[in-house]
Each structure stands twice: as structure tokens, then as C-alpha cells.
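Some notes on the structure that comes next.
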Amino acid sequence: MQTTVPKNRRGYLGALALILVIVGLYWGLIHAPPDAYQGNAQRIMYLHIPSILTAYLSFFLVFVGSCLYLWKREKRDDILAYSAAEIGVLFTALTIVEGSIWGKPTWGVWWTWDARLTLTAILLLIFVGYLMLRSLIEEESRAASAAAILGIIGFLDIPLIHMSVYWWRTLHQPPSILRPDKAPWDNIHPAMLTALAINFFAFVLLYFYLLSLRFRLGEMTEEIKTRRMDRGR
Amino acid sequence: MKLLRQTYLLLRKDLVLELRRRESLLTMFFFGTLLLFVFHFSFDLVPEKVTEMAPALLWLAFLFTGTLGLTQLFEAERTNHCLDALLLSPMDRGALFLAKTCFNIILMVAVEIVVVPLFWILFNLRSWEGVPLLLGVAFLGTIGFCVLGTLLSGVTLKARARELLLPLVLFPLMVPVILATIRCMEAILRNGNIGDAVPWLRLLLGFDVIFVTVGILIFDWAIDV
Amino acid sequence: MQLTVRDLSKAYGLRWALRDLNLDLVPGECVALLGPNGAGKTTLLKLLAGLIYPTRGDVRLNGAPFSRTSTELRSTIGFLTPGEHLYENLTARENLDFFTALYNKNHSSAAIVRALEEVELTDWSREYLSALSSGMKFRLSIAKWQLLEVGLLLLDEPYGVLDGSGINLMEAFLKSQCEKGNVVVIASHHISRVLQLCTRALILHQGKLTFDEPRRQPWDSFERAFADFLPHGGP
């Protein structure tokens, strides 16, 4: 049976992801020093930042899948788009929970409408809207086209949403790593930066592993459907 | 300029039909007014607070009214499968997009022109100075809303629970327009002109331009299958 | 107008509505499309009109397939279903004006008035469509497609709404279309009438084309094919 990502390669990906996640967790939660101001609560950033970046990566993949589907009309691109959306929902929700966990000791509240959390919440809503649109349209190809359009519009809108929410909340959190005047490694301890980097790769690998599983599931569902239809000759 | 000619033809047809039955216009107008009353009771609006809250309240009223218009946007094409008649014809799909967008803009502007002065009167706002500029900004925001709204209205035509799905997918994408329009309106009410809200105005214009272009190009796929 | 259909298949969900259809139509043909309800006649007509797209296979008009930008192609196709494709709240005249403008046909006002005369709707030209009976609406559709000058005309169950004079009007219209070299395809249950009109018959059964022959007298093969799916005998 033809598969896009062969089974043993998926296995290696999964194993590597698992190893990196463990290493990253050790490095971030134990090895790196605690933050000067925030103490140990800051450690959640090692998970929070990679997972939000992965969420945005996810939406980029939804965009790519959507464009390809509208252009070539190949079922695989549609499967890529909705698989990326589903795993994206997972990582986005995770990001929000992590942000909330960090918020409690730091600000004393479970939720705040700062730029980052608000943006993540909006991203989650867009993902959810995408998946709902797919499920509420009866005919397969129509659902795929409709979702593709939403995927493209959503992706094009994200920079605008980003700008508007940041401007709105510009008095609050200036970005602590990506400052225009200093290089990233100047205002952060090297061990922390390493922890962040490891965790980033760990999350990306984990994401692709889960994506490949979901994608395979989508391919198999399509295969079953095609066989059932062919049998009804 | 086949695109413009067809857009004009379709828009004129929609306007003629609307003027005859006046379904959309009347429901939108009354709904917008009703919302003002609901706001009054919900927010206990004393004169000091009203000027502050006016932009947000107005824009909220327009958003919900506009959504009402969007769900009825393709009503004329529903009876007798007229949408099929249009898709069957040598009509440029971009023309249908532009015509429906303009139609919804016209309906919303008609409502806004009445509701804004009504708001001023009902809530005893003193100065009428910024009102024309306010309407101008509302117009730009309306364009952004109608462009995305028409696109998504077309996409959700055959979906179940359409009246619920359309706001669900539309509103998160409208965040830039909502923020930009309200910030501009606040600046106008505070200073009498745009002043320091110019970046927001630029964002709004950028949004409008980007999505009108995207809409014309992509509407083919939105309405066909 | 040449119509070529190759391996045409259309699925809705898990169900095949049409399977592996092959068809060639040439100018001047008048084709009867027959079959029981649910056989796929309307689906086939919509595929030929470009209203829906095939799951597999393709439809080509004069060698060109349908795509999103085939506006030239679409200006040559007509689709007639009783009660459809006309705006209820526009007058008869306004409907004709709108569609002729949409199809970019620069007919003079006199030409449109003449078209209304030919279908005996002159007195109703200023009435809203909703005031017309279904037979009159269909006659208006005939006037509309007359003005739009198409090369392929697809009709879906036209006989149901028409009275005697309406039927004569329609058949005269269709005959003139075929004489001009256009192609006409009629899906209908009124076997006897449609067979008199047509030069060729197709039978669709459970999504497959089970019969495809030009008309001749006597037509035993047709009687047999038709009796196959009609439990109570022939037409």
C-alpha cells in the first residue's frame, strides 16, 4: 500500500522526538538556572515558546495544503491541511494552558488579555472555525474547497491580527528575547538559550511525528472509502 | 471592462429586488435600532460613560446588523435555483463577488447613516462635530467587514447551521477591523480628528485593499465546486 | 457544437450517481434521455452544463473542457427546468433584459418584444414572474433561451407543466434549434412524445448508459431495452 511517510521512518521520527523531548525537559526544568526575576515559574517558557511557534508552523502548513489543494485538487493536500489543523488545535490549546500556568505565579491571575495570550486564543478560534466548517458541509469536495478558502484567508489575516493586537497592548510585554537592539544571546543565559533551542527542535519533531500519524490515518480513511465505492460497481 | 459591466448589472438587479421587497433593509434597520435599546438597558449608560463607549457600542451594533445582512445575502438566488442560472452563464465569478460585497456595503451604510444620528439623539451626546468623520471611518470598516463576509457567505452557502457558522468563522478574522475602527473612532471623538490613530487607519486601509484583491481572485473557488 | 463525454463518473459521498459514461453528440442531434427516477438523468444534464464537476472522466464541448474560466464555453449552453432560473420578483420583461445583458447579447428592445410575442406572453411582460403560471414561466424560459442563442440546449422534464399549445410551442422551438445545427438533449418521462421529436435515444439505468441508438422504424431493440426496467411493459 502506498504511503506518503513509510512506517519505519515514522518510527524513527517518533523515537527521535521522544528523546529530544526528554533531553529538553531535563535541560529546561533542571539544568538551566532559574530566572533572576521570575524564579522557577519562568521554566514553563521552555515549553510555551516552542509550542506557540509550532502552532504558527501548523497554520502555515494548513495554508500550504489549502493552496495546493485548490490548485491541483489532489486529495493528499486536503488531508495535509486538515491534519495540520487538528494537530495545530492541540498545540495551540497546549500553549494557552501553559501560558495560563505561567500567569498564575507571575501575575496572580489565570488569564490576562495580554498580546500573546490573546493572539493564541484567536488562533485557536480560527483553527476551530476551520474544523467546524469542514464538518458542517456534507459533500466531501465542497467541504475541502471551502476549508481551503478559509485556510488561505486565515493565513493572510494572521499578520494583520498580530499587528493589531500588539499595537493594542503595546504598553505591556515587550518581547524579551527578540529585541531589535540586542542580539538574542546577549540578554539570556547560554544554558537557557540551549534549553530553549533543544525544546524547540523537540516540539517541532513531536509535531511532525503526530502530523504524520494523523496524515496516515487520513490516507487510510480515503483508501477505505475508495475501495467501498469501487466495490459498489 | 467586462468585470465592471457585469458587476453593475448584478448590483442593479439586487438593488431593484431589495427596493421592491425591502426585507433585508428593514430587518437590518430595526435590528440595529433594537440593539441601541438593549445596550441602554444592559450597560446603564450615564452621559459621562457614553462618549467613551460610543465607538465600541456603535461598531458592535453594526457588526451584528451586518451579519444579519450577510446571512440574507444570497436570498434572491435561492428561489428557483437562480444561483445555478448565474453559474451557468458566462458571468465572471469576481463580478458576483464585487456585486454582492457592494450590495451589503450599501445596506450597511444605509443603516449606519440612520443609526449614528439616532445614537446621538437617544443618548444625548452633545457635540455633533466628529460625526461625518466617524461615518467615514465606519465606511472603511464596513468595507473590510463586507469583503470578508461576502467571501465566507459564499463559502458557507451549502453548510448546515449556516447562521451560526458564518459568525463563528468570520468574527476572529475581523479582529484587525474591529480594533482599528474603534481606535480611530475613539480618536475622533476625543480630538475631533484622527490624530495619533493614523497607523490604525493605515491598517484598516491595508486590510480593505488586501482582501478586495484576494476576494476577486479567490471567489471562483468559493462559489463553485 | 460537438459534445464529447469520456469515462464520465460522478459520486455523491459513497454512492456512484454515474459510472463510466461515454457519449458523442454531433450538430443537429435531438437526443431523448430516458430512465427511471434516480437513474442519474439530472446529474448527467448538470455535468453537461458545467454546473457540477465530474469525479472522474471529462466533458468536452468543441474539444474544450470546462474550467473555472471557461466563460466563452458557458455562453453556448442552455439549461431548461420548469420553474427555475428566473427571478420571482422581477417582471417577465426585466428577466429577459437581465439575462440578455448578462450573456452580452445586444438585442434591441424590439427583438425582446418579438420574443415575448412568439411565446404569447406580450400581455404579461410587465407582470412579476410570481404572477405567472408554471406553464407561462416555462414559455418565458423558451423566450429567454431563444434570445440567448445557445448551441447546446438541455431540458429536464419539460412536459410536466405544459398544456397543448405550450407543447407545440416548445417542440417548434426545439426543431428550429436542431435545424440550426444545435444539439438538444431532453430528459423526460413522456416517452411517446419525446421519441417523436428526437433522432436518438439514450437509456440511463442505475448510473450506466444501457442503450444508445439513433431512431428508426420499427425499433424492436428499443422496446426490449425499455421493457427491461419498466415492470409493466413498454411506452
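All of the numbers you see were taken from the coordinates with simple rules; none came from a lab. Computed from a prediction, not measured in an experiment: that's the story for all the values here. Every residue, glycine as well, gets a Cβ built from its backbone with ideal geometry; the counts of neighbours run over all protein chains shown.
Observations, loosely collected:
- Amide H to amide H distances under 5 Å link C:Y12 with C:A17, where only residues 5 or more positions off or on other chains count and H is placed in the peptide plane.
- C:A227 versus A:V109: modelled label distance in nm, points set 7 Å from Cα along the beta carbon direction: 8.5
- Selection from C:N168, C:P65, C:T122, by position along the positive dipole direction of chain C (Cβ): C:P65
- Chymotrypsin sites (Phe, Trp or Tyr not before Pro) within the stretch C:127-220: DSSP coil, no more than 15 neighbouring Cβ in 10 Å: C:W219
- Average other protein chain Cβ within 10 Å of Cβ, residues C:70-79: 3
- The stretch C:81-149 - Kirkwood radius from inverse mean 1/r over Cα pairs (Å): 11.6
- The mean number of Cβ atoms from other chains found within 10 Å of a Cβ in peptide A:140-152 is 5, as a whole number.
- In this calculation the C-beta distance from B:M53 to B:R20 is compared with R0 = 41 Å, giving a FRET efficiency of 0.60.
- Peptide C:51-62 - average C-beta neighbours from other chains (10 Å radius): 2
- Fraction of beta bridges assigned by DSSP in the protein assembly as shown that are antiparallel (%, nearest 5): 60
- Sorted peptide list for B:177-189, A:56-68, A:131-143, criterion being average Cβ within 10 angstrom, highest first: B:177-189, A:56-68, A:131-143
- Distance-filtered residues of the stretch C:90-107 - backbone nitrogen under 11 Å, label point 7 angstrom along B:T79 Cα→Cβ: C:90-91
- Exceeding the 25 Å Cα-Cα cut-off - candidates C:K175/C:K208; B:K13/C:K10; C:K144/C:K208; B:K13/C:K175; C:K41/C:K137: C:K175/C:K208; B:K13/C:K10; C:K144/C:K208; B:K13/C:K175
- Integer Hz, Karplus 6.51/-1.76/1.60 couplings in order for the stretch A:217-224, x for Gly and Pro: 4, x, 4, 5, 4, 4, 4, 4
- GluC sites (Glu not before Pro) restricted to DSSP loop in the stretch B:45-139 with at most 16 other C-beta within 10 Å: B:E129
- Between A:T194 and A:R142, the FRET efficiency from the beta-carbon distance, with R0 = 51 Å, is close to 0.60.
- Gap separating the Cα centres of the stretch A:91-126 and the stretch B:126-192, nearest whole Å: 26
- Entry note, chain C: the mean residue ellipticity at 222 nm calculated from DSSP H runs of n ≥ 4, each adding -39500 (n - 2.57), is -10500 deg cm²/dmol after division by the residues and rounding to the nearest 500.
- Of every Cα-Cα pair in the stretch B:2-223, the percent that sits beyond 29 Å: 27
- Each Cα pair under 8 Å and six or more residues apart adds its sequence gap; the mean of these over the residue count of chain A is a relative contact order of 34 percent.
- Normalised contact order of chain C, rounded percent, pairs of Cα under 8 Å and 6 or more residues apart: 28
- Highest-fluctuation residue, C:L33, C:L23, C:L44 considered, GNM on chain C with Cα pairs under 10 Å: C:L23
- Shown in residue order for the stretch B:104-120 are the 3J(HN,Hα) couplings computed by the Karplus curve 6.51 cos²θ - 1.76 cosθ + 1.60 at θ = phi - 60°: 5, 4, 4, 4, 5, 4, 4, 5, 4, 4, 8, 5, 4, x, 4, 4, 4 Hz (x for Gly and Pro).
- Comparing B:L151, B:L57, B:L83 in a Gaussian network model of chain B, where Cα atoms under 10 Å apart are tied by springs, the biggest mean-square fluctuation is seen for B:L83.
- With only the Cα atoms considered, the protein assembly as shown has a convex hull volume of 191 Å³ per residue.
- In the stretch C:159-222, the trypsin sites (Lys or Arg not before Pro) that fall in loop regions by DSSP, at most 16 other Cβ within 10 Å: C:K180, C:R215, C:R216
- Converting phi to 3J(HN,Hα) with the Karplus coefficients 6.51, -1.76 and 1.60 and the offset θ = phi - 60°, the stretch C:20-30 yields 6, 8, 10, 8, 10, 10, 10, x, x, 7, 10 Hz in sequence order, with x at every glycine or proline.
- Cα gyration tensor, the stretch C:7-88 - rounded (a/c under 1.5), prolate or oblate: rounded
- GNM result for chain B, Cα springs below 10 Å: residue of B:W128, B:W200, B:W59 fluctuating most strongly: B:W128
- Each Lys and Arg contributes +1 and each Asp and Glu -1, all at the Cβ; summed about the Cα centre of chain C, the dipole is approximately 600 debye.
- Distance between the stretch C:136-151 and the stretch B:1-57 - C-alpha centres, whole angstrom: 38
- Under-5 Å amide H pairs with C:L153, H placed in peptide plane, nonlocal only: C:G78, C:V183, C:V184, C:V185
- Amide hydrogen proximity for C:H205: with H placed 1.01 Å from N in the peptide plane, the residues at 5 or more positions away or on another chain lying under 5 Å are C:T210.
- C-alpha center-to-center spacing [the stretch C:7-79, the stretch C:102-120] in angstrom: 29
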